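Report on the following structure.
Computed from the coordinates by the stated procedures, all read-outs in this text should not be read as laboratory data. Owing to the predicted nature of the structure, the values given are computational and were not obtained by experimental measurement. Backbone-built Cβ (ideal geometry, glycine too); neighbour counts: all protein chains shown.
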There are 2 protein chains.
Amino acid sequence: MHSAPDAAIPRRVIVTDVVCRDGFQDEKRIIATTEKLALIVRLAEAGVSSIEATSFVHPKVVPQMADADTLLARVPREYGVRYSALLPNLRGAERAVAAGIDEIHLVVSASDSHNQANLNRTTAQSLAQLAEVAAYVRRAAPEVELVGTLATAFGCPFEGDVPLERLCWAIEHFRAMGMTCVVLADTTGMANPLQVGRTLRALRARFPLVEWGLHLHNTRGLGLANAYAGLLEGVARFDASLGGLGGCPFAPGATGNIATEDLVHMLHEMGIATGIDLDALIAAARTLPALVGHPIESAVVRGGKTRDLHPFAGVPLAQSAGC
Amino acid sequence: MHSAPDAAIPRRVIVTDVVCRDGFQDEKRIIATTEKLALIVRLAEAGVSSIEATSFVHPKVVPQMADADTLLARVPREYGVRYSALLPNLRGAERAVAAGIDEIHLVVSASDSHNQANLNRTTAQSLAQLAEVAAYVRRAAPEVELVGTLATAFGCPFEGDVPLERLCWAIEHFRAMGMTCVVLADTTGMANPLQVGRTLRALRARFPLVEWGLHLHNTRGLGLANAYAGLLEGVARFDASLGGLGGCPFAPGATGNIATEDLVHMLHEMGIATGIDLDALIAAARTLPALVGHPIESAVVRGGKTRDLHPFAGVPLAQSAGC
């Protein structure tokens with residue numbers, strides 16, 4: 001007997017909101033620490049249980065993240081939120097551990113050219129550096145979880161297709177660093193759902209003990225389709241950014257990360273629990289345009305929820321005869 | 001042995017562009033017949049082989065479609081395009097047959113309240129009327145194909161969930177009219193991909209001889225996710241509207257139909273043939289803002305194609321350290 005093709009879909013998903021890191025990092029207006037904290041409180045009150053709050057990088061490289069240490073020291077702890085941060089090197093790890101981080105995200109690009117553009121070294125050089133970071137964290141703060149994020153996992157804006165063997169090679173290194181969770185990032189929105197499904201099936205077969213996450217962008221409108229493909233393969237961990245903030249420097253004006261509220265809306269419509277109050281999340285998203293000074297990319301903020309029904313007047317629409 | 005979960009995905013898909021009907025019907029600026037014909041030529045030259053060109057309704061109800069007869073009489077015939085039109089009654093069918101239509105789309109809403117709002121009668125009343133239309137077409141023009149389009153198939157903006165039995169009941173009527181193809185329309189963008197998959201599996205089991213089509217809207221950002229769910233169930237026929245034109249009167253400002261260029265981009269990225277030149281399609285979409293007087297909703301027009309690679313300068317990005 002065949003099992004249903006949607007039998008692997010998880011009943012519960014952990015959504016990590018990344019707006020304060022990925023969403024804000026390239027915004028022109030510098031977001032104040034107090035503004036970030038107010039937003040984090042709103043997210044926590046809405047039930048978001050995992051927040052990537054910042055990155056520990058050099059303030060000259062990413063000015064928006066210059067307040068990483070003070071921000072993390074002041075995040076609210078009463079909601080039980082798990083706070084994570086991205087960081088590239090030992091100095092960043094020392095700062096993050098000192099600031100009381102719960103989870104550290106170590107990122108490397110699967111493709112060399114993107115890693116060069118992003119981190120000014122080859123993927124192999126980055127992996128060697130991250131191994132030192134991981135060893136430090138295991139020694140200095142063994143309670144902190146290490147998560148490996150593999151950028152350009154579904155395509156590189158310079159090289160195009162990224163061979164599966166490149167992914168496996170990088171993931172072997174993550175595994176050797178002791179990581180149990182690997183997040184595959186579609187950094188510039190190049191993935192398609194067939195590819196996401198096939199890649200995950202191949203990786204699950206190769207690394208049966210890894211817990212997989214997806215970090216998806218909506219550059220070509222495929223973000224939620226790719227999330228659905230991941231759900232069909234049992235992925236239960238997704239990054240998303242409130243209001244869809246966080247663009248791609250190679251597609252100016254294009255949409256960025258999948259919007260947290262759009263992802264949560266889809267999940268709830270499919271009966272998948274997130275622990276998040278969608279209305280509170282939408283209300284939080286509505287505060288963003290004033291913060292960043294431009295409109296946001298959010299389908300449910302624009303179009304409303306599927307469950308927002310309309311009163312039936314019983315009379316024909318002015319114009320239509322459509323379908 | 002299990003077959004791969006994507007084994008049913010078709011190798012080739014027929015994309016019906018509906019911009020001249022669904023896309024234009026609620027636009028404020030009246031599009032001239034010559035402008036529509038120029039757009040149809042562009043679509044045909046791009047390789048679009050199926051075009052819903054107009055609807056035969058009363059000009060007072062839908063002024064944009066007042067030129068249905070003259071438009072259809074003048075569409076280019078040298079490209080082998082199959083031209084279809086939507087129509088609600090016998091008068092419309094007589095006009096369409098006289099104008100040389102190839103395919104007639106008969107629409108009814110699965111939910112009574114939407115059918116009342118759209119057509120001022122119950123679903124049962126509409127089905128009785130459409131049976132007369134179908135009988136006329138079979139007699140007067142047996143070479144014309146009849147396609148049944150079931151609106152609000154995945155949810156009604158007034159009633160919410162639409163029971164599967166309502167769909168089956170309406171489809172039984174379509175079958176009794178001799179139709180072999182049924183298009184399920186997500187009229188106001190309420191579907192989610194899990195629902196699309198499960199609905200199609202149930203309907204395929206109940207009506208194994210029907211060829212299924214999908215007409216999807218992107219109101220909550222789920223249009224392409226729903227299309228992917230349909231592809232997984234073997235659906236090989238999709239409506240889409242160039243530039244994503246065609247809104248929903250219940251969600252002002254929300255995105256409308258899935259954009260033809262975004263659908264074709266996804267299909268081509270997944271190796272599914274459409275016969276369409278995507279670059280020519282994108283070029284045609286870029287002509288729309290001047291025609292309708294407002295921006296279009298097109299991910300690939302905004303963000304570019306996945307295959308549009310960028311030159312690698314070998315130097316770090318100004319800002320990033322992201323994923």
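For the range A:111-168, the pair-distance distribution built from all alpha carbon pairs, in bins 5 Å wide starting at 0, is 4, 18, 23, 21, 14, 11, 6, 2 percent. Pair-distance distribution P(r) for the range A:37-129, from all Cα-Cα distances in 5 Å bins starting at 0: 3, 14, 23, 21, 17, 12, 7, 4, 0 percent. In terms of overall dimensions, the range A:14-303 has a Cα radius of gyration and Dmax of 17.4, 49 angstrom.
Take the Cα of A:Asp308, step 7 Å along the line toward its Cβ, and report every residue of the range A:280-296 whose backbone nitrogen sits under 19 Å from that point. Output list for this probe position: A:280-290, A:295-296. Across the identical copies, the 7 Å label point of B:Gly253, projected outward along Cα→Cβ, sits 2.1 nm from its counterparts, in ascending order. For the protein assembly as shown, lysine pairs with C-alpha atoms less than 20 angstrom apart, excluding pairs fewer than eight positions apart on the same chain, total 6.
Label-point spacing for A:Thr33 across the identical copies (point 7 Å from Cα in the Cβ direction), in nm and ascending order: 7.0.
Provide the packing ranking of A:74-86, A:146-158, B:297-309, i.e. peptides ordered by the mean count of other C-beta atoms within 10 Å per residue, highest first.
Ranked from most to least packed, the peptides come out as A:146-158, B:297-309, A:74-86.
Using modelled backbone amide H atoms (1.01 Å from N, in-plane), which distant-in-sequence or interchain residues come within less than 5 Å of A:Ser55's amide H? Amide H to amide H, under 5 Å and 5 or more residues apart or across chains, A:Ser55 pairs with A:Leu86. The Cβ shell under 10 Å around B:Ser50 holds other residues with a net charge of -3, Lys and Arg each +1, Asp and Glu each -1.
Computed from the alpha carbon atoms alone, the convex hull of the protein assembly as shown holds 143 Å³ per residue.
Take A:Pro10, move 7 Å from Cα toward the beta carbon, and the resulting point lies 3.4 nm from the same point in each other copy, nearest first.
For B:Glu27, A:Glu261, A:Glu165, what ranking results if the residue with the fewest other Cβ atoms within 10 Å of its Cβ goes first?
Numbers: B:Glu27 17, A:Glu261 32, A:Glu165 9.
By the 10 Å Cβ count, ascending, the order reads A:Glu165, B:Glu27, A:Glu261.
Computed from the Cβ-Cβ distance with R0 of 45 Å, the FRET efficiency linking B:Asp277 to A:Ala8 stands at 0.75.
3J(HN,Hα) along the range B:120-134, derived from phi through the Karplus expression 6.51 cos²θ - 1.76 cosθ + 1.60 where θ = phi - 60°, amounts to 6, 7, 6, 4, 4, 5, 5, 4, 5, 5, 5, 4, 5, 4, 4 Hz, with x in place of Gly and Pro. Near the amide H of A:Ile14, within less than 5 Å, lie the amide hydrogens of A:Arg237, A:Phe238, all on another chain or at least 5 residues away, with H placed in the peptide plane. Couplings 3J(HN,Hα) for the range B:227-243, derived from phi with the Karplus relation 6.51 cos²θ - 1.76 cosθ + 1.60 (θ = phi - 60°), are 4, 4, 4, x, 4, 4, 9, x, 5, 10, 9, 9, 7, 7, 10, 3, x Hz, where x marks Gly and Pro. With R₀ set to 35 Å, the beta-carbon distance separating B:His58 from B:Tyr79 gives a calculated FRET efficiency near 0.70. Amide H contacts under 5 Å for B:Val183: B:Gly148, B:Thr149, B:Leu150, B:Gly213, restricted to partners 5 or more places along the chain or on a different chain, H placed in the peptide plane at 1.01 Å from N. Taking 7 Å steps out from each Cα toward its Cβ at B:Ala32 and A:Leu164 produces label points 5.6 nm apart.
The Cβ shell under 12 Å around A:Arg95 holds other residues with a net charge of -2, Lys and Arg each +1, Asp and Glu each -1. How large is ³J(HN,Hα) for each residue in the range B:293-303, as worked out from phi by the Karplus curve 6.51 cos²θ - 1.76 cosθ + 1.60 (θ = phi - 60°), to whole Hz, x for Gly and Pro? Coupling constants for the range B:293-303: x, 7, x, 9, 10, 9, 5, 6, 5, 6, x Hz. To the nearest 0.05, how large is the calculated FRET efficiency for B:Thr287 and A:Asp69 if R₀ is 41 Å and r is the Cβ-Cβ distance? Plugging the Cβ-Cβ distance into 1/(1 + (r/R0)^6) gives 0.20.
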